[in-house]
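Chemist: I have a structure here, written as structure tokens, and I will follow up with some questions on it.
The values are calculated or read from the model by the stated rules, or taken from the named source; none is laboratory data. Being a predicted model, the structure only gives us computed values, none of them experimental. Using ideal geometry, Cβ is built from the backbone for each residue, glycine included, and neighbour counts are taken over all protein chains shown.
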Ligand SMILES: Cc1cc2nc3c(=O)[nH]c(=O)nc-3n(C[C@H](O)[C@H](O)[C@H](O)COP(=O)(O)OP(=O)(O)OC[C@H]3O[C@@H](n4cnc5c(N)ncnc54)[C@H](O)[C@@H]3O)c2cc1C
């Protein structure tokens, strides 16, 4: 089968639905197709809260059919191949879709199998991950039932979605253990591929105080080489001051693991992947979100190679740019909007307290509220816990925020 759309979108996640809805809001007559095989749509930012026992998992998932904007064709298939010179995408089902404009937004791939031992032990043997819908409640089980000992939290060396999520759950766990008399019988290790706890100095300074408060031992420049759930051993390599690699091993009683991540394989192998990006993300102009070789292809969200921090809040600023720039091109105009790299990372540091980190490409704070957002705040917790999920389902996915 072959079908043509004015605008074809790959991925009906946060990014794909936002752009589809905004385009339709601007012009109902547009013919738009959106390719996505998933029956379900997930609000992933709340998975940290589910893992900490303060949010209902079922509230993070809805039927995809109810999220597709009115008048948009949902093509329930997996995109598989690109022929950008022919404006053509083919799917695993063998169908061919052609387009005037293409929006590429299939998210990021979780490479669970790239760490030896991880798949065998994930979801059992006290190893969990908030990066998997089905495991978020197991994370809470582990935190709640922990009686003291050694807790390990892993942040990989690759780019990931929500750079804060590997340590957010660590602070919420520590807060719970502190309030229940467990923290003083616990050693907490943070094994991180990063070089610091947070890239923006103003937020980093506050988070370093939190690390001290909970007596967390960070191990930066580190990469997990294997995990054995039965023996409860995690092995990681760490670069020392002279750049030499040292191997270390920790025996743990519970582990929260964030896997290595990269572009989905079908993107890596495609002509739109950035040849200079080791993870295969889509080549994207940092400001216009346009592909430099194929100007009728745009990319946004987690799959883009532009160097923003991969979050839903970044998408909230990218979607209007992509929408506007496509409409400009359709009218043969070139008054393009530009994205400034804005991203936000709401970092809960205790149950009821949150640092709302906002920043842009310059790595400088870009705060929305009229107070110092680097300080833990009750108001920001309420915003994350109650207001953001409502905004997501009712405004962002409707193209109205
Ligand atoms: C634990 C956790 C905590 C987070 N916390 C926050 C937070 O506090 N704040 C924040 O802003 N962000 C947070 N995020 C990040 C946020 O969820 C993502 O950045 C956002 O969902 C990315 O949107 P996307 O549309 O690019 O990808 P997704 O929303 O992941 O959607 C991708 C879509 O593409 C589809 N797809 C995949 N392959 C194909 C294919 N071959 N063909 C067609 N469709 C395909 C998938 O089915 C999916 O529907 C968090 C994420 C996690 C996991």
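Chemist: Considering only segment 306-316, state which residues are crowded, with 21+ Cβ neighbours inside 10 Å and in a loop (DSSP other than H, G, I, E, B).
Modeler: 306, 308, 309, 310, 311
Chemist: Right, another one. Considering only residues that are out of contact with any helix residue (DSSP H, G or I) (no Cβ under 9 Å at 6 or more places or on another chain) and away from the ligand (no atom under 13 Å from the Cβ), look in segment 85-113 and name the one that is farthest from residue 300 (Cα to Cα).
Modeler: The residue in question is 94.
Chemist: Quick check on segment 286-302. Is at least one of its residues within 16 Å of the ligand (Cβ to nearest atom), in a helix (DSSP H, G or I) and modelled with pLDDT of 95 or more?
Modeler: Yes: segment 286-302 contains one or more residues that are within 16 Å of the ligand (Cβ to nearest atom), in a helix (DSSP H, G or I) and modelled with pLDDT of 95 or more.
Chemist: Quick check: is even one residue across segment 53-63 away from the ligand (no atom under 14 Å from the Cβ), touching a residue at least 40 places away in the same chain (Cβ under 8 Å), in the same structural domain as residue 294 (by TED's automatic domain parsing) and surrounded by 13 or more Cβ atoms within 10 Å (Cβ to Cβ)?
Modeler: The answer is yes, given that some residue of segment 53-63 is away from the ligand (no atom under 14 Å from the Cβ), touching a residue at least 40 places away in the same chain (Cβ under 8 Å), in the same structural domain as residue 294 (by TED's automatic domain parsing) and surrounded by 13 or more Cβ atoms within 10 Å (Cβ to Cβ).
Chemist: Does segment 158-169 include one or more residues that are in contact (Cβ under 8 Å) with a residue 24 or more places away in the chain, more than 19 Å from the chain's Cα centre (by Cα), on the phi < 0 side of the Ramachandran plot and crowded, with 20+ Cβ neighbours inside 10 Å?
Modeler: Among the residues of segment 158-169, not one is in contact (Cβ under 8 Å) with a residue 24 or more places away in the chain, more than 19 Å from the chain's Cα centre (by Cα), on the phi < 0 side of the Ramachandran plot and crowded, with 20+ Cβ neighbours inside 10 Å, which makes the answer no.
Chemist: Taking the options 204, 239, name whichever one is over 24 Å from residue 347 (Cβ atoms) and free of Cβ contacts under 8 Å to residues at least 40 places away in the same chain.
Modeler: 239
Chemist: Here's a follow-up. Would you please list the contacts, defined by Cβ atoms under 7 Å and residues six or more apart or on different chains, that run from a residue in segment 77-102 that is free of Cβ contacts under 8 Å to residues at least 12 places away in the same chain to a residue that is within 12 Å of the ligand (Cβ to nearest atom)?
Modeler: 90/80; 90/81
Chemist: Further, regarding this structure: Residues in segment 68-91: is at least one modelled with pLDDT of 95 or more, part of a loop (DSSP other than H, G, I, E, B) and under 26 Å from residue 345 (Cβ atoms)?
Modeler: The answer is no, given that none of the residues of segment 68-91 is modelled with pLDDT of 95 or more, part of a loop (DSSP other than H, G, I, E, B) and under 26 Å from residue 345 (Cβ atoms).
Chemist: Inside segment 156-182, can you point out the residues that are under 21 Å from residue 351 (Cβ atoms) and outside any helix (DSSP H, G or I)?
Modeler: 162, 164, 180, 181, 182
Chemist: So, of the residues in segment 24-52 that are away from the ligand (no atom under 15 Å from the Cβ) and touching a helix residue (DSSP H, G or I) at 6+ places or on another chain (Cβ under 9 Å), which turns out to be farthest from residue 73 (Cα to Cα)?
Modeler: 26
Chemist: Can you report the number of residues in segment 119-151 which are assigned to a helix (DSSP H, G or I), in contact with a helix residue (DSSP H, G or I) (Cβ under 6 Å, 6 or more places away or on another chain) and within 16 Å of the ligand (Cβ to nearest atom)?
Modeler: Matching residues across segment 119-151 total 5.
Chemist: Out of 376, 370, I need the residue that is surrounded by fewer than 23 Cβ atoms within 10 Å (Cβ to Cβ) and modelled with pLDDT of 95 or more. Which one?
Modeler: Step by step, each of 376, 370 is checked, and only 376 is surrounded by fewer than 23 Cβ atoms within 10 Å (Cβ to Cβ) and modelled with pLDDT of 95 or more.
Chemist: Among the residues of segment 309-332, which ones are more than 10 Å from the ligand (Cβ to nearest atom) and in contact with a helix residue (DSSP H, G or I) (Cβ under 8 Å, 6 or more places away or on another chain)?
Modeler: 320, 322, 323, 326, 327
Chemist: What is the number of the single condition among (1) over 17 Å from residue 105 (Cα atoms); (2) outside the structural domain of residue 54 (by TED's automatic domain parsing); (3) touching a residue at least 40 places away in the same chain (Cβ under 8 Å); (4) surrounded by 17 or more Cβ atoms within 10 Å (Cβ to Cβ) that residue 353 does not meet?
Modeler: Answer for residue 353: the failing condition is (3).
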